[in-house]
Each structure stands twice: as structure tokens, then as C-alpha cells.
Amino acid sequence: MTAPFLILAALAVAGTAAAMGLRNGVHCVLALTVGFAALAALYLQLGAQFVGFTQIMVYVGAVAILAVFAIMMTHHPGLIEAPFSRNWLWGAVIAAAVFATLARAISLGTASAPSAPPEPSATVNQIGDALMHRYILPLEIVGLLLTAALIGAVIIAIDPKDREESE
Amino acid sequence: MSSLQSYLLLSALLFSIGLAGALTRRNAILVLIGIELMLNAANLNFIAFWRFGPHPANRPDALTGIMFAIFSIAVAAAEAAVGLAIILAAYRHSRTTDLDRMNHLKG
Amino acid sequence: MIAAALTTQDVDQIFVLIKHALLACVPAALQPIASAVLSIIPILVAFPLLFAITTVLERKGLGRMQNRYGPNRVGPAGFFQPIADGIKSLTKEDVVPLSADHAVHFLAPILLVIAAFLGYAVLPIGRNMVLVNLNAGVLFFFAVGSVVELSVFMAGWSSRSKYSLLGAMRAIAQMISYEVPLVLASVVVIMQAGSLSLVTIVESQSGYTGIFPHWYLFTPWGIAGFILFMIAATAESNRSPFDLPEGESEIIAGYFIEYSGFKFALFFLAEYLGMFATSSLAITLFLGGWAAPLSFLTFIPSYVWFFLKLLVLICFFIWIRGTLPRLRMDQLMGFAWKFILPMALLNIFVAGLWRFLPAGPLNSIRWLVCIGVLAAPCIVLSFSLKQKKKLLVRTYHFAE
């Protein structure tokens, strides 16, 4: 519960709460970006450098921009929509119940040693080594998955008018 | 409360915020964002356990938490791309992204 | 002789020695913060100064290339022009459109400048002169570069203007498309050096055979990688010939159309800083960082070599801007995805070939094979991607 952890945790919670609560879609995504950045800083705090920078590069640099583009493309002038659905109370209750259950389980669980164990090392060399030796099969499968997702997303999202022009 | 418990509590809080957003928002894209948030919370869990878990020297699976987080980020990005493409296609068909209105299968 | 060697070493490390001397005067409790501040101040001073010099150089250089004088009124031969420009942009009225989103409109240039400055944290400017020697230095640089796209979008969308939104969409599409070849072109160097840390990459290029250095530029995959990296860097910084998102004759400054005064100056600063940062990364990856080009020139300090190489690359950017016409959007995107990306992937394969082929007399076998594997698809692709339209005779409808 050190000061950096508290500040970053507060930033993450504030960003994500704003992301789920604001009216304007683009504001939501920008607040979400703040939340992602705070999470990346938490990963750096925990000593996972590679994952922290990958989080910034993928989430802030790609997923947030994708979401923003999608919001802009699905918005025509004159579209006024209420932000929350009719049954929002049920959703809030379920989420609160889930949080209560998880918090109880965490507080009951056996705590690790009060003093944190020494920081394990995850240099890029070790990650690369692991990816090429032990985790080579998941790496190839994820490559295939990303290719399929790329081609599939382009095919699903292409405008039928564009497709006729290119054929 | 130890450091591990505080990180787990934070990740549980982020998960439930994402869940609340996914269950209550009307815009399909914001629901997708809630799902991304839940994935991020799970990632934080993995990294926290990697950091604070026991590490006998030179175990072959000492990097499991990091590996899982890396693959999870990659798969989540792919899923966000495909999900947003589907939302765009649905918008083109029904001219709305309001999930409360997209509730019959007949077009 | 020993005394002379000591003094060249001292001149080389003079900034490090000054910093250590200043740190010794600070009480021990404040030393980490003082050390960080003392390391950051040179970056905050040197690169905006370089930005000021570059604006004058660019305007005068472009002017000469276009057969006119550049600015030549303010100061000796016009070299105090940046001061006049600075005073002008600070005193201009800050006009914000009524329907603009004020919070986002204000934050966009700040985020852009922060992202532009953060990239300098991992660049080794001289021997032992890097701000933070991160284990994943190259990855940090590219992660910070991808924050720039988000702030470009914020700037374009918050102005609530058609021109700015269109410019922002174009700029983001271009930046995302060229980010992939940029990263792939640097993967070759990472493969060869075996590390993501920029200090390690510079040190692995610091040997000399005879008088010639071991820079990665002097290998076939290095030349190809450098060319691809510079093309992608030009596109990433929205410089001509890839400056469609902000072309003055096209879209009237694109995504920063609604900004005036100090915020406009911040956008300008951020764009040039981004250009310097990517050039510095190219120098670190391919041109040996702070290493001297010939082995008998090592008496000149390391940071002087770094800035000389940076100046050469900046003049190269200015030269290209004054020479080549602007690419259209579809030509730009086609170039990225159909030419640059396949060549970057091929370059990775060639780098692998280079490592595993035998090093014969003068490396001739390696050179021939690698150049062959690179040149054949390059020629095939360039011919197959040429536009099929023939140029017609120009006819005028209204003028005689």
C-alpha cells in the first residue's frame, strides 16, 4: 500500500469508472485510455517492463484508436440515445454482488508472507527464450489467430459498395 | 493487508466496474470496452501473482504469468478488432448501435 | 601522450563530470531527484534549441531550392528568425471555436509534447550519456510513439470542424500504416545485436576493422533497413512527401486548423521533436550512435558526432521536402502496405541469411546473395505497382 500504488490505483479506478459512466462516447474512450495508462504504470511498478510497454503500444496505441474510430463511424447526426439501458439497476446490483464475493474471497485467502519476496527477473532475453522454446506452439497459434482476425475484420467491415468497386 | 491482496482487490474492483459497464450501457461499442476492461483486470491478476508468488530458483515455468499476460493482450486486441467490425456491420444493417433496440433476430 | 589522451577523454565525458560535480554539492537525501533533474535539463534545453535552428535552416534551405531567399531580415542573415517567431506565437490571441470540446482541445497539444519529449529518455547521446538505460529501450520508444496518434485524434476531433476531423483521420491512418514497417525495419538490428537496449546496440557497432567502422549501415540488410526506416520515419512525422494530412495547399493545416498562438507553436514543436527523435533512433540503430566514422577521428567527442549525424539527417529531410511532390492518400497507403511492408519482411529474412552464410573473402558471397534476394522482389514490385494510366497531353478548357 505504498504511495505510488495508491496514486496509480486511484487513477485506474477513476479512469475506468469515468469510461463506464460518461455520456459522450469519445470521452468514455479517452477516460479508458487514462485507465489503461495507469494499468501500464502498475505493470512497470511490479517489474514487468515488457508487458507494461506492450500494454501501452497495443491498448493505448491501437485498441483505443479502433474504438474511437468505431464510435465516430456509427454516429450519424440526429442520433440521440440514452446512455444507460432500462434495466440498469439489475446490472449494477449484479456487478456489486460479484465485487462483494471476490473481495470476501480475497480477504479470507491466505496472505503471502508480509514481506514481499525478492523481485523475479523477466528480462527480454528470458521472455524471448521462453517464447521460442517452451511456448513456441502458442506463439504460432496466436500468429495464425491474429492473421485470421485481421482478414476477417476487413471482410466483415468492408462496405458492400467498396467491395463491388474493387471487383 | 499484504501487497498481493491489495493488487487482487484492485483487479476485482476493475473487473466489477467493467462488468457493470458491460451490463448497463446501451451502446454496443461501450459494452465491448467493458469486456476489454475485464480482460485487463485479469491481466493485472496474472502479473500480481507472478510478482508476489513463490519462486524456487530456476523453475521452468517461472515466466508463466508474463507469458499469459502477453498472449492475453494479443488475443484481446484481435477480439476487439473483430468485435468492432461486427458492430460496424450491424450498424450498417439496422442504423443504430443501441442494444435495447437490436433485440429481435428478424431483420 | 598520456596527458593528451586524458584530456580527450575528459572532453568526451565533460557533461558527465559536470553532473557528478554538481551532485556532490547536493545533500544525500535529495540526490536521486537532483540526479534526475540534472539529466533532464540538457535534453529540455538542447532539443528545442535544435528545433529553433532547424526552422531557420528549413526556411532558408527551402527558399534556396525554390530559387528565392529565405528569411534574411532578422539578425545576421536571418538567423534570429526563431526568436521573432516565438514572440509572435506567444502574443497571438488564442482562438477556440465556440462548439469545440474545451477540455480535450486543451489537452491535445500538451499530451503531444509530453509524448514527443518522452522518447528522448532512452537515446544515448554520447558515451555514458543516456537518461535511462532501459532493458526494453526500443520497445519503450515505439510505445511512446503510438501515444502520438491518440493525441492527433484528440486534436482533430475536439475542434468539431470538418477539415480538422478529415485531417485527423488521414493522419492516423497514415501513422498506423507506417508504424508497422518502422518497427519491422528496426527488428533487423535487434536480431543482429541481440538486445532491445539502445546502449547495447550502440556498443555492438563500436568496433573498427582497419579504419572502417562496424556500423550496421555497411551491410546489405542495414542499407535496406535504413532506407525503409527513413521512409517510414518521414511518414510518421507527417513530413513531405507524406504531408497530405497537413498540406497547406490541400486541407489548410488539417488537424490543427483550429489552433492558434501558443498551442499551434506546441504542435509545431512536437512535430519537429518527433522528427528529431526518430532520426536519432535511426542514427542509434544503423549509423553507430555516437561512434566516429573513421578510427582515427575518435578524438572528437561522442556527442559532437551524434549531433553532426543528426544535422545530416535533418538536412536530408529538408532536401526531400524541397524536391519531391506530395503523395496522394491512396498512393501513400498503397506504398506502405504493398511495397514497404513486404520489403521490410524480406529484409528480416535477408538478415537471417547474412548471419548464417559463410563469411568468405571480403564477404563477397554474402553480399551477392543478400543483394540478389533484396533487389529482385524490389524491382518486380515496383514494376507491378506502377499506375496503369498513361499521361495524356494537357488540354486547357478556359485559357488559350
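Read-outs: derived from the displayed coordinates by stated rules, not from any lab. Computed from a predicted structure; not experimentally measured. Here the Cβ is made from the backbone with ideal geometry for all residues, glycine too, and neighbour counts use every protein chain on show.
Please state the shape class of the protein assembly as shown: rounded when a/c is under 1.5, otherwise prolate if a/b exceeds b/c and oblate if not, all from the C-alpha gyration tensor.
rounded
Take peptide A:97-109, look around each residue's Cβ out to 10 angstrom, count Cβ atoms belonging to other protein chains, and average those counts.
Neighbouring Cβ atoms belonging to other protein chains average 4 per residue here.
Work out the length of the dipole vector of segment B:4-107 about its Cα centre, built from +1 on the beta-carbon of each Lys and Arg and -1 on the beta-carbon of each Asp and Glu, and round it to the nearest 20 debye. It would help to have the intermediate numbers written out before the result.
Working: 8 positive and 5 negative charges, 59 e Å.
With Lys and Arg at +1 and Asp and Glu at -1, about 280 debye.
Projected onto the charge dipole of segment C:237-347 (+1 at Lys/Arg Cβ, -1 at Asp/Glu Cβ, origin at the Cα centre), which of C:GLY254, C:VAL304, C:PRO342 gives the Cα projection farthest towards the positive end?
Going by the Cα projections, it comes out as C:VAL304.
Going through segment C:1-87, which trypsin sites (Lys or Arg not before Pro) have at most 14 other Cβ atoms within 10 Å and a DSSP loop state?
C:ARG68, C:ARG73
Within chain C, how many Lys pairs sit with Cα atoms under 26 Å apart, leaving out pairs fewer than 8 places apart on the same chain?
13
Based on the Cβ-Cβ distance of B:ILE86 and C:ASP10, what FRET efficiency does E = 1/(1 + (r/R0)^6) give at R0 = 45 Å, to the nearest 0.05?
Numbers: r = 64 Å, r/R0 = 1.43.
Efficiency for this residue pair is about 0.10.
Assign one of three labels to chain C, namely rounded, prolate or oblate, based on the Cα gyration tensor with a ≥ b ≥ c the square roots of its eigenvalues; rounded applies when a/c is under 1.5, prolate when it is not and a/b is larger than b/c, and oblate otherwise.
Oblate, since a/c reaches 1.5 and b/c is not below a/b.
How would segment C:12-122 be classified by its alpha-carbon gyration tensor: rounded, prolate or oblate, with rounded meaning a/c under 1.5 and the a/b versus b/c comparison settling the rest? Kindly include the intermediate steps, with their values, before the conclusion.
On the way: a/c = 2.73, a/b = 1.36, b/c = 2.01.
Here segment C:12-122 falls in the oblate category.
What helices in chain A pass both tests, a Cα length along the helix axis of 20 Å or more and a mean Kyte hydropathy of 0.0 or higher, using whole DSSP H runs?
Both cut-offs are met by A:3-21, A:25-45, A:88-108, A:136-157.
Based solely on its DSSP helices, what 222 nm [θ] is calculated for chain C when runs of n ≥ 4 H residues each add -39,500 (n - 2.57) and the sum is averaged over all residues, nearest 500 deg cm²/dmol? Mind dumping the intermediate values first?
Working: 14 runs with 253 residues, N = 400.
Rounded to the nearest 500, the figure is -21500 deg cm²/dmol.
Enter the Cα centre distance for the pair segment C:203-282 and segment B:36-90, rounded to the nearest angstrom.
So the two Cα centres are separated by 33 Å.
Filter chain C for me: DSSP H helices, axial length by Cα at least 27 angstrom, mean Kyte-Doolittle hydropathy not below -0.5. List them by residue number.
Going by DSSP H runs, the hits are C:31-65, C:137-158, C:162-193, C:262-286, C:302-323, C:364-384.
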